[in-house]
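See below for the structure under consideration.
We did not get these values from a lab; they are worked out from the coordinates using the rules stated. A quick note: this is a predicted structure, and the numbers were derived from the prediction, not measured. Please note: Cβ atoms are built from the backbone with ideal geometry, for glycine as well, and neighbour counts cover all protein chains shown.
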Ligand code: FES
């Protein structure tokens, strides 16, 4: 059995098979709607179902996933039980053939912090990948599952990819496979995925907020902005538990040399001796509230754990009046099939 799904205010329709989610059905037919975790945790995929029925128990989501209205649902969960009329937060047509499989070889595997690997992968000679700054790839792990990681390199560095991978306790791939990868090891990867990428049709100043390895896609975007001489003012908050969690100081120092107007605000949340850390302390969303008088004119890009992304959204959209259309987010969920970690 299949159902027709139409996007409100358009002639755009797509077909979902029984058991298929709204998000997957749309993607298969070249329509991309916002998403991140695909696990019902981040709320990025929420949209309204204006007419029609969902399979009971699908589509739901609590307040923590940002669900506020009775007809709002998570499209990464929602499965149609009838034809639907939907109102996604946004949508765009993409080329379903733009996503490709690559065989990548490990070039370097560096320990950037005690629990963070920076993995450099190279494609075979002459092979290039196309992606937008901020997007992610999926690794086909040896156990058959897929793991998602954001590209940390900018799109012009297209002969390979750089991944920042936190070793999650109990995360099979990130903690038991990644640390042991050595030069010459081969991984199968597919890319690009995701709608977390720099909107270049805007000229608003940029506010970037990263938690931990949420730095990776932010790095891709800032590298891209500098490479392309995009003259938008940039502010970057990077939060971690301790100073070691801000694991790429040389990258930030290079940016500050290349773009002295960049405002960089590192933030530490663990109690750390004042001799070790004299900078900002606390949770990163509170640091943004403390340091920024107004955010309404910014485009805000935020990447980190779902709880951090939700806290930033509540602070900036809920308290400071940032239009939700100017906040772009990427949440990672521990060791999920669509997690950045
Ligand atoms: S809740 Fe659906 S993509 Fe995260």
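Confirm whether residue 43 is over 21 Å from residue 190 (Cα atoms) and surrounded by 14 or more Cβ atoms within 10 Å (Cβ to Cβ). Reasoning before the result, please.
Working: over 21 Å from residue 190 (Cα atoms): yes; surrounded by 14 or more Cβ atoms within 10 Å (Cβ to Cβ): yes.
So residue 43 fits the description; yes.
Within the stretch 212-233, does at least one residue satisfy the condition of being touching a residue at least 60 places away in the same chain (Cβ under 8 Å), part of a strand (DSSP E or B) and within 28 Å of residue 37 (Cβ to Cβ)?
The answer is no, given that none of the residues of the stretch 212-233 is touching a residue at least 60 places away in the same chain (Cβ under 8 Å), part of a strand (DSSP E or B) and within 28 Å of residue 37 (Cβ to Cβ).
Counting only residues that are within 18 Å of residue 177 (Cβ to Cβ) and surrounded by 14 or more Cβ atoms within 10 Å (Cβ to Cβ), how many does the stretch 114-127 have?
Filtering the stretch 114-127 down to residues within 18 Å of residue 177 (Cβ to Cβ) leaves 114-121.
Pick out the ones that are also surrounded by 14 or more Cβ atoms within 10 Å (Cβ to Cβ) and you get 115-121.
Residues that pass the stated criteria total 7.
Kindly state which strands (runs of 3 or more DSSP E) lie completely within the stretch 242-341 and contain at least 1 residues that are out of contact with any helix residue (DSSP H, G or I) (no Cβ under 8 Å at 6 or more places or on another chain) and more than 16 Å from the ligand (Cβ to nearest atom). Lay out the reasoning, then the answer.
Details: elements: 263-268, 299-304, 327-331.
Correct list: 263-268.
For (1) in contact (Cβ under 8 Å) with a residue 12 or more places away in the chain; (2) farther than 30 Å from residue 111 by Cα, each residue gets a yes or a no:
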| site | (1), (2) |
| --- | --- |
| 237 | yes, no |
| 246 | yes, no |
| 259 | yes, no |
| 287 | yes, no |
| 304 | yes, no |
| 317 | no, yes |
| 323 | yes, yes |
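How many residues are part of a loop (DSSP other than H, G, I, E, B), surrounded by 12 or more Cβ atoms within 10 Å (Cβ to Cβ) and within 16 Å of the ligand (Cβ to nearest atom) if we restrict to the stretch 83-101?
Restricting attention to the stretch 83-101, the residues satisfying the condition of being part of a loop (DSSP other than H, G, I, E, B) are 83, 89-91, 94-95, 99.
So of that shortlist, the ones also surrounded by 12 or more Cβ atoms within 10 Å (Cβ to Cβ) come out as 83, 89, 91, 94, 99.
Now restrict to residues that are within 16 Å of the ligand (Cβ to nearest atom): 89, 91.
Matching residues across the stretch 83-101 total 2.
Name the pairs: first residue in the stretch 6-30 and crowded, with 16+ Cβ neighbours inside 10 Å, second residue assigned to a helix (DSSP H, G or I), Cβ to Cβ under 6 Å, at least 6 apart or on different chains?
Final answer for the pair search is 14/25; 14/26; 16/25.
For every residue, the table says whether it meets (1) touching a residue at least 12 places away in the same chain (Cβ under 8 Å); (2) out of contact with any helix residue (DSSP H, G or I) (no Cβ under 8 Å at 6 or more places or on another chain); (3) farther than 20 Å from residue 3 by Cβ.
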{"site": "61", "(1), (2), (3)": "yes, yes, yes"}
{"site": "85", "(1), (2), (3)": "yes, yes, no"}
{"site": "103", "(1), (2), (3)": "yes, yes, yes"}
{"site": "114", "(1), (2), (3)": "yes, no, yes"}
{"site": "136", "(1), (2), (3)": "yes, no, yes"}
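Please note which strands (runs of 3 or more DSSP E) are completely contained in the stretch 1-82 and include at least 2 residues that are more than 22 Å from residue 99 (Cβ to Cβ) and within 12 Å of the ligand (Cβ to nearest atom). So that I can check it myself, show each step before the final result.
Details: elements: 2-7, 13-17, 46-51, 72-74.
Answer list for the stretch 1-82: 46-51, 72-74.
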